[in-house]
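Worksheet: one structure, shown below.
The values are calculated or read from the model by the stated rules, or taken from the named source; none is laboratory data. Only a predicted model underlies this, so the values are computations on that prediction, with no experimental measurement involved. Ligands, DNA and RNA are excluded from the accessible area calculation, which covers all protein heavy atoms including side chains. Shrake-Rupley method; radii C 1.70, N 1.55, O 1.52, S 1.80 Å.
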Amino acid sequence: MARIIHGTLKIVHCANFSENKYGNVYYSMDRKISHGLTQNNHLVYDFSYRDIAKNNRFLAFKKKAIQEMNKSLIELCRNLKPDLLLLSKAEMISPQTLKKLRIVIHR
């Protein structure tokens, strides 16, 4: 059930935006998709899942960092209540997280 206001959707775009590369990959396809959605008057929140997982890494515990990133995505969707979750090359997002997001987004 989408909460559309004059054709505008709230979208969470989960992709590898490589924010820690300081603009080196600014012209990536993920940025182009977000920009296109914004140009069509949609509200887009970019969730850079790899950067968030890397920032949560402590003493090289990659598995724990990925779990924390998945929790962050769930929390983000709870706060924003998006109409659409767009996943671009999001191989680190677990199936359990997608099940939880399905419940969170449809509330």
### Task
Report the far tail of the P(r) of the chain, meaning the percent of Cα-Cα pairs longer than 16 Å.
59
### Task
For the chain, report the accessible area per residue in Å² (1.4 Å probe, heavy atoms, rounded to an integer).
70
### Query
What is the gain in length, in nm to one decimal, between Lys62 and Glu75 on full extension, counting 0.36 nm per residue of separation less the C-alpha to C-alpha distance?
2.7 nm
#### Entry: Portion, in percent, of the accessible area of the chain that falls on carbon or sulfur, probe 1.4 Å
56
#### Entry: Within a Gaussian network of the chain (alpha carbon springs, distance under 10 Å), most fluctuating of Asn40, Asn70, Asn56
Asn40
